[in-house]
Amino acid sequence: MITGERVTDGQFPLPRGRSVSRKKVILDCDPGHDDAVAILLALASPDELELLGITCVAGNVPLALTQKNALLACELAGARRTRVFAGCSRPMVRQLVTAEAVHGQSGLDLPGGKTLPEPGMKLEPMHAVDFIIDTLLTSPPGTITLCPTGPLTNIAMAMVREPAIVERIAEIVFMGGAAITPGNVTPAAEFNIYVDPHAAAIILQSGVPLVMMGLDVTHQALVTEKRKAAMRELGGRAARTVADLMTFYCAYDIDRYGMEGGPLHDPCVIAYLIDESLFTLKHVNVEVETASPLTLGETVADWWMITDRLPNCLVAETVDAPGFFALLSERLGRLR
Ligand code: BDR
Ligand code: CA
């Protein structure tokens with residue numbers, strides 16, 4: 001369900017070319033435990049999503065590890081033919097900030113200091129930014145959805161290098177920001193936006209239809225002990241490994257926020273593409289702070305339409321958490 005102010009032509013800016021058919025998507029990520037689950041969910045959903053490629057960016061851990069972890073996630077899904085591309089190794093302007101405290105030194109740590117084995121799959125030779133540009137320029141306009149679940153560097157760099165792609169993007173559904181919830185890396189900022197606020201500013205000002213899966217909604221999608229046990233009971237290596245990964249990943253957030261489970265941020269993006277009805281959203285103006293040291297990376301959402309700034313982003317407000325985890329379990333159960 002969508003609420004919020006209508007734009008001047010009386011229509012919500014629905015994604016260009018939106019149809020009920022299978023969506024063609026590029027998943028841009030920084031795995032990261034929750035990014036890895038997003039990859040698994042996407043690969044387990046071929047009826048709804050055609051995953052054209054996975055593009056990796058530095059974020060949770062340096063690029064060398066995020067690209068390796070993306071390959072590992074594809075192997076875990078049994079999808080060795082997935083195309084995986086390495087992208088930007090640092091944000092556009094700032095130095096890289098990483099999140100080993102949440103994801104461990106490898107970015108995909110398991111409990112007891114264990115890690116996953118080395119991947120056998122190889123990266124594609126093309127740079128991720130080139131892949132994004134080429135795919136958009138060679139596909140019919142309005143047919144490609146971008147799904148960033150890490151810092152927005154690759155997407156913004158593609159827009160800067162080839163501005164002609166901007167109007168060809170159907171929609172960008174991203175995990176990042178927080179409209180009405182405090183930050184998780186600073187009191188004001190969510191991690192993905194904080195790492196590259198300048199890239200986020202380019203996306204927010206691009207005019208592309210945007211959907212923001214921020215902390216407002218991802219902090220409702222909690223991996224409780226019961227939900228983790230349900231994943232493990234699905235059987236199969238993928239589901240068992242996800243349950244193990246969640247044990248490591250949730251510990252930080254449970255400790256920090258005192259919640260009953262860790263927030264499964266990034267798979268919200270994929271769940272939205274599969275079943276929008278799991279979410280309620282509000283159409284508002286969102287801008288990002290790029291200067292103040294105190295609030296750098298804060299996503300300032302005009303939730304009550306106090307300004308005359310036009311809405312530029314559908315912000316997710318609630319998620320049907322039982323429905324979300326039912327979808328995730330059903331899909332993880334498909335991976336053997
Ligand atoms: C975001 O930061 C990362 O640690 C997660 O992968 C997610 O994309 C949450 O703030
Ligand atoms: Ca991420």
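The values are calculated or read from the model by the stated rules, or taken from the named source; none is laboratory data. In this text the structure is predicted, and so the values were computed from the model without any measurement. FYI the Cβ positions are ideal-geometry reconstructions off the backbone, even for glycines, and counts take in every protein chain you see. Side chains included, ligands, DNA and RNA excluded: accessible areas come from the protein's heavy atoms. Shrake-Rupley method; radii C 1.70, N 1.55, O 1.52, S 1.80 Å.
With in contact with a helix residue (DSSP H, G or I) (Cβ under 7 Å, 6 or more places away or on another chain), more than 28 Å from M246 (Cβ to Cβ) and modelled with pLDDT of 95 or more as the only criterion, which of R161, R80, R94, R90 stands out?
Answer to the selection: R161.
Residues of the range 239-253 that are free of Cβ contacts under 8 Å to residues at least 60 places away in the same chain, touching a strand residue (DSSP E or B) at 6+ places or on another chain (Cβ under 9 Å) and open to solvent by 50 Å² or more (accessible area, probe 1.4 Å): A251 alone. A search for C-beta distances below 8 Å between a residue of the range 141-167 that is under 18 Å from L49 (Cα atoms) and open to solvent by less than 10 Å² (accessible area, probe 1.4 Å) and any residue that is part of a helix (DSSP H, G or I) and among the charged types (D, E, K, R), counting only pairs 6+ apart in sequence or on different chains, returns G142/R168; I144/R168; T149/D34; T149/D35. Among the residues of the range 73-104, the ones that are surrounded by fewer than 12 Cβ atoms within 10 Å (Cβ to Cβ) and either touching a residue at least 12 places away in the same chain (Cβ under 8 Å) or under 20 Å from the mean Cα position of the chain (by Cα) (or both) come to 2 in all.
Assigned to a helix (DSSP H, G or I) and either hydrophobic (A, V, I, L, M, F, W, C) or open to solvent by 50 Å² or more (accessible area, probe 1.4 Å) (or both): is that true of M121 in this structure? Spelling it out, it is not the case that M121 is assigned to a helix (DSSP H, G or I) and either hydrophobic (A, V, I, L, M, F, W, C) or open to solvent by 50 Å² or more (accessible area, probe 1.4 Å) (or both). G236 falls short on exactly one of the conditions (1) at pLDDT 95 or above; (2) open to solvent by less than 30 Å² (accessible area, probe 1.4 Å), and that condition is (1). Scanning the range 264-277 turns up one or more residues that are hydroxyl-bearing (S, T, Y) and out of contact with any strand residue (DSSP E or B) (no Cβ under 6 Å at 6 or more places or on another chain).
If you go through the range 224-233 and keep only what is open to solvent by less than 50 Å² (accessible area, probe 1.4 Å) and closer than 11 Å to G333 by Cβ, you end up with A230, M231.
Scanning the range 250-265 for residues that are part of a helix (DSSP H, G or I) and under 8 Å from V223 (Cβ atoms) yields a single hit, C250. Residues of the range 254-297 that are open to solvent by 10 Å² or more (accessible area, probe 1.4 Å) and under 21 Å from A101 (Cα atoms): I254, D255, R256, Y257, G258, M259, E260, H265, L296.
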